[in-house]
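The values are calculated or read from the model by the stated rules, or taken from the named source; none is laboratory data. Computed from a predicted structure; not experimentally measured. For neighbour counting, all protein chains shown are included, and Cβ atoms are generated from backbone atoms with ideal geometry for every residue, glycine included. With ligands, DNA and RNA removed, areas are computed over all heavy atoms of the protein, side chains included. Shrake-Rupley method; radii C 1.70, N 1.55, O 1.52, S 1.80 Å.
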Amino acid sequence: EQAMEDTEYRCSDMTNGLDGILYKCPECGSEFRLRTGGNRIVCESCGESWTLDGRYILHGKHFTRINEWCMWQISELDPQYDRLECDVRVGAVNDKGNIDHYAGTGHAALCRDMFTFSGTVFGKEISFEKTPESIGGFPITVASAFDIYHENRLLYMHPLPDLRTAVKWVTLLDRIIEDKKKNEN
């Protein structure tokens with residue numbers, strides 16, 4: 001049974017922002033080629049489309065609910081072998097206490113055993129590595145950044161060239177940690 005199943009939502013565009021969460025086309029498998037607008041989700045690679053109605057039900061192939069699509073994306077990640085790597089723009093709080101989303105640049109990578117970063121923040125070279133277990137999880141600003149602490153400083157990692165990939169970083173880290181916990185038991 002679905003919570004609030006008979007509720008009709010009123011919104012000018014039910015799909016607004018979903019292209020920051022849904023990243024993989026269930027029809028062709030392409031990633032970060034989904035566009036939203038006008039209550040529609042369209043894959044720019046294969047042309048498949050879905051409509052989201054006022055009850056938040058998807059009309060089209062594969063799924064009827066957004067959470068089904070999200071769970072499918074998660075299941076498609078292999079925590080044993082998948083690896084993410086990209087250049088990042090780094091945000092951090094400056095000396096005046098303000099967030100500077102252009103505080104630095106660098107390169108980040110995540111695999112089953114390690115998250116690594118190497119770059120500069122406020123002109124200072126930094127590099128570090130952390131195990132997934134020590135991170136625990138990446139907070140996210142959808143379609144913008146995932147966050148990580150280093151030496152008591154919060155760093156906003158804006159993945160380049162497509163900020164929407166932040167969701168995949170968060171999802172892969174969660175899958176890695178979940179898989180390791182499952183294998184411990």
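Some observations on this one:
- Fully extended contour minus Cα-Cα distance, from residue 55 to residue 135, at 0.36 nm per residue: 25.1 nm
- Whole-percent carbon and sulfur share, accessible surface of the chain, 1.4 Å: 46 percent
- Exposure check, 1.4 Å probe, all protein chains in place: residue 124 carries approximately 120 Å² of accessible surface.
- Taking the Cα centre of region 1-133 as reference, the dipole from Cβ charges on Lys and Arg (+1) and Asp and Glu (-1) amounts to some 320 debye.
- Seen against the Cα atoms of the chain and their longest principal axis, helix 66-76 is set at about 50 degrees.
- Nonlocal amide H pairs with residue 150, under 5 Å, H built at 1.01 Å: 155
- Calculated accessible area for region 115-185 comes out at 52 Å² per residue, all protein chains present (probe 1.4 Å; ligands, DNA, RNA ignored).
- Modelled FRET efficiency - R0 30 Å, residue 144 with residue 185, Cβ distances, 0.05 increments: 0.30
- Other-chain or far-sequence residues with amide H under 5 Å of residue 24's (modelled H): 32
- Against the criterion of solvent-accessible heavy-atom surface with a 1.4 angstrom probe, 165, 105 sort, most first, into 105, 165.
- Among 140, 159, 171 - extreme Cα towards positive end, dipole of region 130-178, charges at beta-carbon: 159
- Charged neighbours of residue 71, selected by a Cβ distance under 13 Å, balance to -1 (K, R count +1; D, E count -1).
- Largest GNM mean-square fluctuation across 166, 145, 103, computed for the chain with C-alpha springs under 10 Å, falls on 103.
- Each other residue within a Cβ distance under 12 Å of residue 45 adds +1 if Lys or Arg and -1 if Asp or Glu, for a net charge of -1.
- The label point for residue 76 and the one for residue 109, both projected 7 Å from the Cα toward the Cβ, are 2.5 nm apart.
- Remark: region 18-35, residue by residue, has Karplus-estimated 3J(HN,Hα) of 5, 6, x, 10, 7, 10, 10, 6, x, 7, 10, x, 5, 10, 6, 10, 8, 10 Hz, where x stands for each Gly or Pro and the curve is 6.51 cos²θ - 1.76 cosθ + 1.60 at θ = phi - 60°.
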